[in-house]
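Structure first, commentary second.
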Amino acid sequence: MSIMQVIKARRSIRLYKDNKVPDKDLLELIEAGTWAPSGSNIQPWYFIIVTDDHVLEQVSAFSPGLLGNPPAVIVACCDKQLAFEKGGELGRGELCVMDLCMASQNIMLMAAEKGLGTCPIKSFNGPALKKILKLPDHISPELVLSVGYPKNSPEAPLRKATTDVAYFNVWEGAQ
Ligand SMILES: Cc1cc2nc3c(=O)[nH]c(=O)nc-3n(C[C@H](O)[C@H](O)[C@H](O)COP(=O)(O)O)c2cc1C
C-alpha cells in the first residue's frame, strides 16, 4: 500500500476478533512509534503493552471509551520528569503531548499496514490506569490505543474537503 492508501485505510475499530496479536507484531508497532518526530528529540515516551486478560479487564473497567474487547491495548505514556528536565514547562506541557500523538499515529498507521485495527482512546480514568499499570508518579498515561484484528470494516467517517480547510499564504478572505 502507498502511504496515502495506508492513511485512508486506517479506521477506528471498535469491534475485535478474539485472536491474540503476536508480541513481535506489537513490538514492531512500538518501533514505528519511536521513529516519530519529537520536540528537541527528547522522546519522553513509554508504551505499556497490555495483553494479559486480567489487566485488560481492569483497564477496560476504567476506560469508558474503550470498546470491542481488543486483545491488546497500548498505553502511550509521557515521562513528565524527563520532559521537564530537557524541555522546561513547554516540554512537560505541549511538546510532550504532541510527541505522544505523533508516536501514536505512527503506531496506528503501522498497524493498518499490517491488517491490524486500532482506536485512539482518550476517554479513560488516568489516575486509575496509573495504579493498575503501576506507573511511577512522573509517568503519565496520555492515550490508550486498542489493537487487534478487526471484526468489521466500518465506513470511513466523512472528511472535510481539502479545499475547505487549506488556504495558501493567508487566511482566505482576509483583507
Ligand atoms: C484525541 C482522540 C481521542 C479519541 N477518543 C476516543 C474514545 O475515547 N473512544 C473512541 O471510541 N474513539 C475515540 N477517538 C476516535 C475518533 O472518534 C475517530 O478517530 C473519528 O471518529 C474518526 O474516525 P476514524 O478514526 O475511523 O477515521 C478518539 C480520537 C482522537 C484523535
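Hey, among the residues in the range 8-53 that are within 19 Å of Gly65 (Cα to Cα) and among the basic types (Lys, Arg), which one's farthest from the ligand (Cβ to nearest atom)? Ranking the candidates gives Lys17 first. Could you give me the residue pairs with C-beta distances under 7 Å whose first residue belongs to the range 52-79 and is more than 20 Å from Pro154 (Cβ to Cβ) and free of Cβ contacts under 8 Å to residues at least 24 places away in the same chain, whose second residue is away from the ligand (no atom under 14 Å from the Cβ) and among the hydrophobic types (A, V, I, L, M, F, W, C) wherever it lies, and which are 6+ apart or on separate chains? Taking only residues 6 or more apart or on different chains, the pairs are Leu56/Val50.
Restricting the first member to the range 142-160 and to residues that are within 18 Å of Ile7 (Cβ to Cβ), and the second to residues that are among the aliphatic types (A, V, I, L, M) and within 11 Å of the ligand (Cβ to nearest atom), the beta-carbon pairs closer than 6 Å and six or more apart or on different chains are Pro150/Ile13.
With a requirement of 2 or more residues that are among the small types (Gly, Ala, Ser) and either surrounded by 21 or more Cβ atoms within 10 Å (Cβ to Cβ) or within 16 Å of the ligand (Cβ to nearest atom) (or both), the strands (runs of 3 or more DSSP E) lying completely within the range 70-175 that satisfy it span 72-79, 139-148. Just checking, does the range 56-65 include any residue being of a type outside the set (Lys, Arg), modelled with pLDDT of 95 or more and in contact with a Cys (Cβ under 8 Å, 6 or more places away or on another chain)? Looking for residues that are of a type outside the set (Lys, Arg), modelled with pLDDT of 95 or more and in contact with a Cys (Cβ under 8 Å, 6 or more places away or on another chain), one finds none in the range 56-65, hence no. If you go through the range 43-53 one residue at a time, do you hit one that is within 13 Å of the chain's Cα centre (by Cα) and in a helix (DSSP H, G or I)? For the range 43-53, residues within 13 Å of the chain's Cα centre (by Cα) and in a helix (DSSP H, G or I): absent.
Report, by residue number, each residue of the range 107-146 that is closer than 20 Å to Asp23 by Cα and touching an Asp or Glu at 6+ places or on another chain (Cβ under 9 Å). Selection gives Met110, Ala111, Lys114, Leu116. Among (1) under 21 Å from Gly115 (Cβ atoms); (2) within 16 Å of the ligand (Cβ to nearest atom), there is one condition Ser63 misses while meeting the rest; what is its number? Condition (1) is where Ser63 drops out.
The values are calculated or read from the model by the stated rules, or taken from the named source; none is laboratory data. Just so it is clear, the structure is predicted and the values come from calculations on it, not from any experiment. FYI the Cβ positions are ideal-geometry reconstructions off the backbone, even for glycines, and counts take in every protein chain you see.
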